[in-house]
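Taken together, the values in this text are just the output of simple stated rules run on the coordinates, not laboratory data. In this text, all values refer to a predicted model and were calculated from it rather than measured experimentally. Cβ placement follows ideal geometry from the backbone for every residue including glycine, while neighbour counts extend to all protein chains displayed.
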Amino acid sequence: MIKKTVRRLIAVGAVAPAIALGASGTALADDGALWERTQAQASINGASMKIIRAYTDGSGKVLFEEVLFTADRNGASIRSTTSGAGPR
């Protein structure tokens, strides 16, 4: 029963971000899975790059990560958000 719940959690954790972001590239596997999307843009006023990842580590843990790098004439910054669910 617990194994079935863990598999469902992994499936939801890997599929939900892909559906929410309207992107393809989801993979499921017992030993871990990764979905990633990268967006970059640059102009005369500055540049930015956003990386979004959803992945599992094979032990039932599901993680989501979003990192935003920005740079302009006033400097550079990094913003990061990470969340996860599953066994410790």
>> Output wanted: per-residue J couplings in Hz (rounded whole) for the stretch 32-44, from phi through Karplus 6.51 cos²θ - 1.76 cosθ + 1.60, θ = phi - 60°, x for Gly and Pro.
In response: x, 9, 9, 10, 9, 9, 10, 10, 9, 8, 8, 8, 5
> So for 44, 52, fewest C-beta neighbours within 10 Å to most, what's the order?
Replying inline: 44, 52
